[in-house]
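These notes concern the structure reproduced below.
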Amino acid sequence: MDRGLQGVALVICSLVAASCGSQSPDGDRAAAPAPLPRQVVLGPQMTCVTGAVPACSGGPSFQLLSGVTLLSEARTVTFGIRHGCLTDRRGRVLCWGDARDGQMGGDPASESDRCQGRPCRLEPAPVEGAPVMRSIEAGWLHTCGLSKDGAVLCWGDDSLGQLGRSTPGPAIGPVEGLGAEVQQVSAGGLHSCALRADSTVACWGDGSAGQLGQGAAEDASAPVAVQGLPSAATQIDAGGYHTCALLMDGGVACWGENRFGQLGDGTRTSRSSAVRVAGLAGPARKVDVGFSFSCALLESGAVQCWGSNELGELGRGFDAKPPAPETPAVPPATVEGLEARVVDLQIAGNHACAELEDGSILCWGANELGQLGDGTVTGRDVPVPWLAKVPAVPRPKLATLKPGPASIEGLDVSYHSGRVDWRTAVARGHHFGLTLATAGVDFLDPFFIAHWERMRQAGLHRGAYHFFVPDDDPEAQARVFLSHVLFEPGDLAPVVDVETPFKQSGARPPDDLADRLMAFVKIVEREVGTKPIIYTGPTFWNRQMDDRFGDYPLWIAEYGVEQPHLPIGWQRWHIWQWRGNADLPAVAPLVDLDRIHPEIDLQDLLIPAPAPRDGPDTAAGQAAPDGVPAPAVR
């Protein structure tokens, strides 16, 4: 693999497993082991097939193995957002990829490789201290494994207790307090769950959306029992912010985030205890969940899905517009185009794949990195054959735009916006785009990854913003933001959206709100190497903040005026959000419109190229103005 690739590459690896013999423990020559059964493995941005001729499509270049022979020898393979791990025939655990948050099980500073400016591991290496494992599963930034004796051990990011122990990560260590032998472990976005031998379920980590099922939307650094399961559980799967369990009676129960109807109970109300999925066409034999949708493989061999359909995740055609929050959720619907019986189902992120009894593999959903393997980067709302084909997607050259009498136009989006046609946005004269990435210490926009890559493919100057939650620790917020966004030279400078003085209505704002914001921007500035852009509204800022931020670029939100009013501390604005909640039918149902100050050179708002350095490197909630309700973020 070309380690000099910049950004996110669309690549495929394919290599026949080695046929030479191996040495037995006593030194005698032993026959080559038979290939392990084929597996279909999904990560949030990629799809891999193991077996005699392993292959992968999609994903960041440094997440894909440079030699995929190891995949033919893997018993278990799993992928987080930018890292991967496997267990080999002997049960050894090896990991590779992004190491910024301890995904390799050790101090990130000890990693000598660099991937897009951050510590990483380019070749798989054993996780120090890991015992023989029966299985492993990766969350976004952490991994958990089930040992041969039924214990659960986790390593990596531990910011919200997702490693399940009193000793902080990232080194591997046992989850404390499970109290019984474990049959299965599942790692979600920022939480983890275990199915115990007595058919009960326990979860730990981020509980902000009720995804731990403990009866309250609270975090837990030690396992807590899931409440409300209608019957004994036989299999579990943890997603971005929700979790589901297959029940002994063939039903499915889910808990956690439900704004997209991913719990399947007919509502859009999040639940902190389990509720039964309503409307399945028959008993299920497997449940699998992604970022904001869920699917069940039925005993009949059909697949039914429910939840978000912004990117075609449900496999039944795109919705014309995202449903309003107050409307009932759509019940489980059968995925179209699966003409043969499905024998296995896999989901990750915003896409899904089904393995049919005739051996074919069909996938649907998000495809911005080519993860559907059909040779395109076009999202698919019905299943298409996974053929391990990689699209040729040239990196567009971004225009150098100089200031002038006419302002440079752009737009910004979040999960409220629905499906966005970024190429049409370019055709309509937009030159830049911004998307919500993270909020507080525990929220990643479910469509951020798709928007981030699509903006670049369309030729837009792209930007990402973090919704600042004053009550949450500013250092932890900066870590979350920088962990999930891989900024590159030429991107817009990082943006922090500060528009509310408290997390919940009626709460008292922190006395040190300005100090907390300054701590955040200083960390981001140091890490990225450029001053962050501050988004705010003039009335809010003048009431809550001070004049210390005037040397940071200003993105001002104010509607219905000829020119925006400047908050204290600034002499001019740089970006103006002049219209909110616009419906651009050809682009998206709900976007905000922005423009660059006519005296500002857009290049001055971009991340500059880094100075030359020694060592290897592989390069590569809707914001609202005053008087408009803030986005529903946790």
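How much of the DSSP bridge set in region 320-442 is antiparallel, in percent, rounded to the nearest 5?
Values: 14 of 19 bridges.
That works out to approximately 75 percent antiparallel.
Which percent of Cα-Cα pairs in region 197-355 sits in each 5 Å bin, short to long?
Percent of Cα pairs in each bin: 2, 11, 20, 24, 21, 13, 7, 2, 0.
Check Arg75: other-chain or 5+ apart residues with amide H under 5 Å from its amide H, H built from backbone geometry?
Residues meeting the amide H criterion: Thr87, Asp88, Arg89.
I'm checking a number: the convex hull volume of the Cα atoms of region 39-176, normalised per residue, in Å³. What is it? Provide the component values of the computation, followed by the final result.
Working: hull volume 13.0 nm³, N = 138.
So the per-residue Cα hull volume is 94 Å³.
In the chain, what % of DSSP beta bridges are antiparallel (nearest 5)? Don't skip to the answer; put the middle values down first.
Working: 107 of 132 bridges.
Just about 80 percent of them are antiparallel.
Please list the non-local residues whose amide H lies under 5 Å from the amide H of Asp344, H modeled 1.01 Å from N, same-chain partners needing a gap of 5 or more.
Glu355
Ordered by residue, what ³J(HN,Hα) values in Hz, to whole numbers, does region 587-601 give under the Karplus form 6.51 cos²θ - 1.76 cosθ + 1.60, where θ = phi - 60° and Gly and Pro are x?
For region 587-601, the Karplus-derived couplings read 10, 6, x, 8, 9, 9, 10, 9, 8, 7, 4, x, 9, 9, 7 Hz, x marking Gly and Pro.
Measuring from label point to label point, each 7 Å out along Cα→Cβ, what is the Asp473 to Ser166 span in nm?
Going by the 7 Å Cα→Cβ label model, 1.8 nm.
Just to check I understand the Karplus step: with θ = phi - 60° and J = 6.51 cos²θ - 1.76 cosθ + 1.60, what whole-Hz values come out for region 486-502, glycine and proline as x?
Karplus values, whole Hz, x for Gly and Pro: 8, 6, 10, x, x, 6, 4, 4, x, 10, 10, 9, 10, 8, 9, x, 8.
Roughly how big is the chain's charge dipole about its Cα centre, with Cβ charges of +1 (Lys, Arg) and -1 (Asp, Glu), in debye to the nearest 20? Mind dumping the intermediate values first?
Working: 50 positive and 74 negative charges, 193 e Å.
The calculated dipole for the chain is roughly 920 debye.
Give the long-range amide H neighbours of Ile533: residues separated by 5 or more places, or on another chain, with amide H under 5 Å away, using H modelled in the peptide plane at 1.01 Å from N.
Result for Ile533 returns Val495, Val496.
Mind sorting Val289, Val384, Val498 by how few other Cβ atoms lie within 10 Å of their own Cβ, fewest first? Before the final figure, lay out the partial values.
Numbers: Val289 30, Val384 18, Val498 25.
Fewest-to-most ranking of Val289, Val384, Val498: Val384, Val498, Val289.
To the nearest 500 deg cm²/dmol, what mean residue ellipticity at 222 nm is calculated for the chain from DSSP H runs of n ≥ 4 alone, each contributing -39,500 (n - 2.57), summed and divided by the residues? Let's see the in-between values first.
Working: 6 runs with 55 residues, N = 634.
Rounded to the nearest 500, the figure is -2500 deg cm²/dmol.
Net charge around Arg316, counting only other residues with Cβ within less than 9 Å of its Cβ (Lys, Arg = +1; Asp, Glu = -1)? Mind dumping the intermediate values first?
Details: positive: none; negative: Glu336, Asp381.
Local net charge: -2.
Separation between the Asp547 and Ser112 pseudo-spin-labels, each 7 Å from Cα along Cα→Cβ, expressed in nm?
Reported label-point gap for Asp547 and Ser112 is 5.3 nm.
How big is the gap, in Å, between the Cα center of region 261-330 and the Cα center of region 415-481?
25
For a quick check: sort Thr269, Thr530 by the number of other beta carbons within 10 angstrom, fewest at the front. Don't skip to the answer; put the middle values down first.
Numbers: Thr269 13, Thr530 20.
Least to most surrounded, the residues fall as Thr269, Thr530.
So what's the gap between the Cα centers of region 90-122 and region 333-407, to the nearest angstrom?
After rounding, the separation between the Cα centres reads 28 Å.
Pairs Lys148/Lys503; Lys148/Lys389; Lys402/Lys531; Lys389/Lys522; Lys148/Lys286: which exceed 32 Å Cα-Cα? Mind showing how you got there, number by number?
On the way: Lys148/Lys503 43 Å; Lys148/Lys389 37 Å; Lys402/Lys531 20 Å; Lys389/Lys522 43 Å; Lys148/Lys286 23 Å.
From the list (Lys148/Lys503; Lys148/Lys389; Lys402/Lys531; Lys389/Lys522; Lys148/Lys286), the Cα-Cα distance tops 32 Å for Lys148/Lys503; Lys148/Lys389; Lys389/Lys522.
What's the whole-number percent of alpha carbon pairs in the chain lying beyond 37 angstrom? Can you show the working numbers first?
On the way: 64476 of 200661 pairs.
The share of Cα pairs beyond 37 Å in the chain comes to 32 percent.
Please give the Cα centre distance for region 193-217 versus region 490-542, rounded to the nearest Å.
Distance between centres, Cα-based: 33 Å.
For each of Ser270, Ser112, count neighbouring Cβ atoms within 10 Å of the residue's Cβ, then give the residues from fewest to most.
On the way: Ser270 20, Ser112 11.
Lowest count first: Ser112, Ser270.
Across region 296-307, in residue order, what do the Karplus-derived ³J(HN,Hα) couplings come to in whole Hz, using 6.51 cos²θ - 1.76 cosθ + 1.60 with θ = phi - 60° and x for Gly and Pro?
Calculated HN-Hα couplings, in order: 10, 8, 7, 4, 6, x, 8, 10, 10, 10, 8, x Hz.
Computed from the coordinates by the stated procedures, all read-outs in this text should not be read as laboratory data. All figures in this text were calculated on a predicted structure; none of them were measured in a lab. Reconstructed Cβ throughout: ideal geometry from the backbone, glycine too, with neighbour counts over all protein chains shown.
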